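Laboratory data are not the source of any read-out in this text; all were calculated from the coordinates shown. This is a predicted model, so every value here is computed, not measured. Note that we place each Cβ from the backbone using ideal geometry, even for glycine, and neighbour counts take in every protein chain shown.
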Amino acid sequence: MTDRSTTEQSAYLGQDEAARLKTILEGTRAGTWEWNVQTGETVFNERWAQIIGYTLEELQPISIETWLKFAHPDDLAESEQRLQAHFRGETDYYECEARMRHRNGHWVWVRDYGRLVSRTPEGDPEWVSGTHIDISAARQYQQQLEAVQAEQLETIERLEKMAATIPGVIYQFEMQPDGFMSFPYASAGIERIYGVSPEQVRKDASLIFDKIHPDDLQHVRDTIEASRASGGDWNCEYRVVVDGHVRWVFGQARPEFRDSGSILWHGAILDISAQKELEEKLRQIAITDELTGAANRRQFMELLSREYQRYRRNGPSYAVILFDFDWFKQVNDRFGHNAGDMVLRETTHLVQDSLRASDTFARIGGEEFAILLPDSDQDSAHHLAERLRQTLSEHSFEGPEQCIRGSITCGIAVSCPQDGNAKEIMLRADTALYAGKAAGRNRVMVYDRNLAPARRHAGD
Ligand SMILES: Nc1nc2c(ncn2[C@@H]2O[C@H](COP(=O)(O)OP(=O)(O)OP(=O)(O)O)[C@@H](O)[C@H]2O)c(=O)[nH]1
């Protein structure tokens, strides 16, 4: 401490208490007022006048009317009410916020504190004293803050409304360094997708993971881990099961690596069940024969190709049965095309009833069918073909007017290590079928290298 400040300190402490209190008050920049309720006598300090842009001198003569003249009329009623409550002893202090007209015409907000300091011998309020503190800057700041908050609220409401229109959920998903996961934000749509509320998962994401289809859970975890490790977007299609109801969803999110060490993904999960359903319908249409509902040639060749690849990788042998209606042209000619269609449809049902789930049955041409028998040899294929031939030759196809009887000829071929592609087995089965037709029809013929080559190229 310097000599000078020591001297100042001694001078300050040397003052009497009233003078020191005055110094303290001046330091707070508070306007002071004292008012005799009974006589109307009023005393303000210089600061009181300064707050509204005047000197005390300019406001003379001072009375309670001075306050009433400068205070905002709308605030006076409230002020009066609080003052009376204090006089009645209901409050320890009188406290009020009010506007006062500044010399320049604008309003200044003051916080008005006061206290009754004496009563008349009859007990009526006498002297009241208090302070005015200029809170305009704080009020302005408060108003700006409220405006910003209102704007933020409006933005959130707007986003919530937009979020409600999408078939899914907008969210933030957070992973802590210790692996703990939560959804700090999730739009209301999370209820529709996962059957849980945003509040339920705000602190803990495990409820969501419980709803992911068990077959897809690892995939979801792996893709999240890949996004965490690479910093790339998370993209994932998976199933969600809520109350036994399966729903397909597509999730996409971008990770943000935070200073705290946690990762915050911002993204959306959309319900794509309808799209998946449509995709599945289109896929079914693309692989199904329209007339019979059996697989079509494209699907048959696709599955045959997979079986061939499996066989090449030391998989089990497989067999193909091709069969063709005998004299089908005559069926059409005698009974009409619709009756011919009915025979093809009914044949499909009869054959499908005789197959294993792993077998594939397809209509690969007009009245030509093919059966792919995985994990089968020549004997089992022959046995099945013979059974089908017999079933169909004994069957009466009930037409609108008369019963139709018919027969089929089958050609059989089995997988062969020398096959260079999936089509070769089809050529051999076709050669066997052609030989069966040539030998009189209504029979099963197994491929033999001594048979005459096929009349056409099955599988092309
Ligand atoms: N009703 C119906 N007939 C079809 C369909 N596709 C092909 N056909 C008929 O099947 C017949 C096949 O005749 P062909 O190839 O001469 O054979 P086929 O009369 O069965 O004689 P083989 O096979 O030699 O015993 C033709 O009359 C075709 O019009 C179909 O989708 N519906």
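Just a few scattered comments:
- Paramagnetic label reach from His213 (point 7 Å along Cα→Cβ; backbone nitrogen cut-off under 12 Å): within segment 227-264, residues 237-242, 245-250.
- Taking chymotrypsin sites (Phe, Trp or Tyr not before Pro) across segment 154-185, the ones in a DSSP loop with at most 16 further Cβ atoms lying within 10 angstrom of their Cβ are Phe180.
- Two-site FRET efficiency, Glu151 against Asn421, from Cβ-Cβ distance with R₀ of 56 Å, rounded to 0.05: 0.25
- On full extension, the segment bounded by Gln50 and Arg20 gains 8.7 nm, given 0.36 nm per residue less the C-alpha separation.
- Looking at segment 3-134, the pairs of alpha carbons with a distance over 21 Å make up 46% of the total.
- Per-residue 3J(HN,Hα) values for segment 143-150, derived from phi via the Karplus relation 6.51 cos²θ - 1.76 cosθ + 1.60 with θ = phi - 60°, read 5, 4, 4, 5, 5, 5, 5, 4 Hz in sequence order (x marks Gly and Pro).
- Net dipole in debye of the chain [+1 Lys, Arg Cβ; -1 Asp, Glu Cβ; about Cα centre; nearest 20]: 2660 debye
- Considering segment 166-277, its Cα convex hull presents a mean projected area of 6.6 nm².
- Value of Rg/Rh across segment 288-446 [Cα atoms, Kirkwood radius]: 0.97
- As a calculated quantity, the FRET efficiency between Ser396 and Ile285 at R0 = 41 Å, using C-beta atoms, amounts to about 0.80.
- Full extension of the chain between Ser380 and Ser305 yields a length gain of 24.9 nm, computed as 0.36 nm times the residue separation minus the alpha carbon distance.
- Within the chain, the ratio Rg/Rh, alpha carbon atoms throughout and Rh by Kirkwood, equals 1.46.
- HN-Hα J in Hz across segment 194-199 - Karplus 6.51, -1.76, 1.60, θ = phi - 60°, x for Gly and Pro: 10, x, 10, 8, x, 5
- An ellipsoid equivalent to segment 287-349, defined through the eigenvalues of its Cα gyration tensor, has semi-axes of 32, 13, 8 Å when rounded to whole angstrom and sorted largest first.
- What the phi angles of segment 345-352 give under the Karplus curve with 6.51, -1.76 and 1.60, with θ = phi - 60°, is a coupling list of 5, 5, 4, 4, 4, 4, 5, 4 Hz, glycine and proline written as x.
- Selection of GluC sites (Glu not before Pro), segment 76-177, meeting DSSP coil and at most 15 other Cβ within 10 Å: Glu90, Glu122
- Additional length obtainable on full extension of the chain from Cys403 to Asp233, 0.36 nm per residue less Cα span: 54.8 nm
- Cα pair count fraction exceeding 18 Å, expressed as % - segment 373-460: 49 percent
- Taking every DSSP helix (H) stretch of at least 4 residues in the chain, weighting each as -39,500 (n - 2.57) and dividing the sum by the residue count yields a mean residue ellipticity at 222 nm of -14000 deg cm²/dmol.
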